[in-house]
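All remarks here apply to the structure that follows.
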Amino acid sequence: MHIYYMEDIYTETILDHYQHPHHYGKISNPTVKVNGDNPLCGDKISLDLIIKKGVVEDVGFTGAGCAISQAAISLLADEIQGKKISNLKKLKPQKMYGLLHIPISPGRVKCALLGFTALQKALKTLQK
Amino acid sequence: MKNIKNDFHILKRKINGKSLVYLDNASTSQKPKAVLNALQKFYTTSNANIHRGIHTLSEEATEQYEGVRKKVAKFINAKNEEEIIFTKNCTEAINCACVSWGKTNINKGDEIIVSALEHHANLVPWQELAKEKGAILKIIPLTKDYLLDLKAYKSLLSKKTKLVCVTAQSNVTGTIVPVKKITAMAHAVGAKVLVDGAQIVGHSKVNVRYIDCDFFAFSAHKMLGPTGVGVLYVKRTLMDDMTPHMYGGDMVETVQQKSATYRAGPWKFEAGTPNIADVIAFGSAISYLEKIGMAAIAAHDRELLAYAKNVFSKYPAIKLFSPSRIQDAGSVLSFTVKGVHPHDVATILNEEGVAIRSGLHCAEPLINRLGVSATARISFYLYNTKKDVDVAEKALKKVLKIFKV
């Protein structure tokens, strides 16, 4: 049985990214724009990317959600800024868990991966 | 309401090392020993299929199963057991009305009215029926006090209105809906009325003949009974014009190779082996509730709601979504904490052993109307105490501290 303590989940990093998210806001004329949602909790996000020469030049997101989902997107945005699309395609959920660095219970998997899933959608859209 | 907790084994559980405080009763209630014993007793002494055996066990099982039908009829004051259809849950009960009555009685251009308070179970079936038939779906809006706007409702009613579907109590705001008045207004224009009673049965006395509604749906599991049992009350006069929503064994009268005739009454709608054991255990849940008394339970619910509203109102960061007058709401209280997502509220409360629901509560259009993306919700039942509210308050203080609200 896993027992999670609040200090383990609501770490300073998580709370800081939740209350002061990085890359928050819309970007004008994005190369790709996708929406992500989690019908269970009502979280809805929008992710904008500007891609130049196969590299993420700028990233922005809007929306609202729980501390885990919002911190995850903020951390992910930091991570993908300046990265090559070809590298992003290799990203696994494990990377997202690593960035969050907190225990994720089964009920929170969708929250943790909300931004990650939106990014996958964006990459698929780019491919078309 | 003293010592009631002792009848519920599960309430002795520890969650994260803390005593469980179960405040998610609007989702499902816990089950008393009497209900668990009834299940065990049936399977160990009388288990057999119903309506078809000559042997002793089958006769016993049939008698017990049909006995609960009579008990349910009495509990909600139906005319008799022929007005009680067993389904697997409240959702199936509403779908049964939608398919069995709606498909033959709703036509192109007809209007169906639902309220803004509806759970998806009493909204989506009507959306689909309207789409299929070319009927029009109309919505009764809310007042600023989370009540149904009856003036607006009156203006929606016309000769085109064929059906009004409304909850008796919201599972989000707790709003108690004046279903008797709504029914009378619908009947005045010749429309039928379906009431979703999932949140109210088992919390206060329900009298379907006083309401005079045509259909009344509810679930056993929200009123101390097992999961897997729902009820659709239908006025007996309407039943003969309804077509079965499922076909198969037990619901037939005679079967020829290429055609069949069907039984009359509720049995026409119960194809196949029903949930015999759980229906029988549901009978024990009703006995348990009757022993305590519906008036006492309703008063207890109200007292806890008033207490919780009073406690939560002390915190400026907490916003309540509840009618201002205490008598306008049942035992449900939705709230948000400024700057904290309801999921995070629920996670931190769970850490303190407090089980609450967070999210959309299967009522997405209503949550949108409230102007939020989700809410946290506590909901009471007979075994809850003021101390439970105090534990929840203590946990909420922790939420405020962690998020520095």
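Taken together, the values in this text are just the output of simple stated rules run on the coordinates, not laboratory data. Not measured: the values here are computed from a predicted model. Here Cβ is always computed from backbone atoms with ideal geometry, including for glycine, and neighbour counts include all displayed protein chains.
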Shape metrics for the stretch B:173-232, restricted to C-alpha atoms - Rg then Dmax, Å: 12.3, 39
MRE, 222 nm, helices only [DSSP H, n ≥ 4, -39500 (n - 2.57), over chain A, to nearest 500]: -11500 deg cm²/dmol
Distance violations [Cα-Cα > 25 Å] among B:K162/B:K222; A:K44/B:K309; B:K5/B:K181; B:K31/B:K291; B:K180/B:K205: B:K162/B:K222; A:K44/B:K309; B:K5/B:K181
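Please report the relative contact order for the stretch B:1-66, taking Cα pairs under 8 Å with a sequence separation of at least 6, and give it as a percent rounded to a whole number.
Numbers: 43 pairs, mean separation 13.1, N = 66.
Relative contact order here is 20 percent.
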Restricting the stretch B:133-232 to trypsin sites (Lys or Arg not before Pro) in coil, as DSSP defines it, with at most 12 other Cβ within 10 Å: B:K144, B:K159
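For the pairs B:K33/B:K314; A:K33/A:K110; B:K70/B:K159, note any where the Cα-Cα span goes beyond 26 Å. All intermediate terms of the calculation are to be shown ahead of the outcome.
Values: B:K33/B:K314 37 Å; A:K33/A:K110 20 Å; B:K70/B:K159 36 Å.
From the list (B:K33/B:K314; A:K33/A:K110; B:K70/B:K159), the Cα-Cα distance tops 26 Å for B:K33/B:K314; B:K70/B:K159.
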Degrees separating the helix B:386-402 axis from the principal Cα axis of chain B, which is the longest one: 60
Gaussian network model of chain B, Cα within-10 Å springs - most flexible of B:H341, B:H203, B:H119: B:H341
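Output the relative contact order of chain B, whole-number percent, from Cα pairs under 8 angstrom with separation of 6+ residues.
Numbers: 808 pairs, mean separation 89.9, N = 405.
In percent, rounded to a whole number, it is 22.
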Environment charge at A:G54 (Cβ cut-off 13 Å; Lys +1, Arg +1, Asp -1, Glu -1): +4
On Cα atoms only, tilt of A:114-127 relative to the major axis of chain A in degrees: 20
Candidates per chymotrypsin sites (Phe, Trp or Tyr not before Pro) in the stretch B:191-289, loop by DSSP, up to 13 other Cβ within 10 Å: B:Y247
Reachable aspartates and glutamates, given that their alpha-carbon falls under 16 Å from the alpha-carbon of B:K138 and they are not under 8 places away in the same chain: B:D110, B:E111, B:E118, B:E128, B:D149
Helix-derived mean residue ellipticity, 222 nm - over chain B, DSSP H n ≥ 4, -39500 (n - 2.57), to 500: -10500 deg cm²/dmol
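Rounded to the nearest 5, what % of DSSP beta bridges with both residues in the stretch B:35-290 are antiparallel? Don't jump to the answer; show the numbers that get you there.
Numbers: 14 of 32 bridges.
The antiparallel fraction comes to roughly 45 percent.
With a cut-off of at most 15 other beta carbons within 10 Å, and DSSP calling the residue loop, which trypsin sites (Lys or Arg not before Pro) in the stretch B:62-102 qualify? Please list them.
On the way: sites: B:R69, B:K70, B:K71, B:K74, B:K79, B:K88; in loops: B:K79, B:K88.
Listed in order of number, the matching sites are B:K79.
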Euclidean distance of C-alpha centroids, the stretch A:61-101 and the stretch B:248-304, integer Å: 50
C-alpha long axis of helix B:294-312 to longest principal axis of chain B, angle in °: 30
Debye log10 I(q)/I(0) at q = 0.10, 0.15, 0.16, 0.17 Å⁻¹ for the stretch B:35-290, Cα point scatterers: -0.49, -1.04, -1.16, -1.28
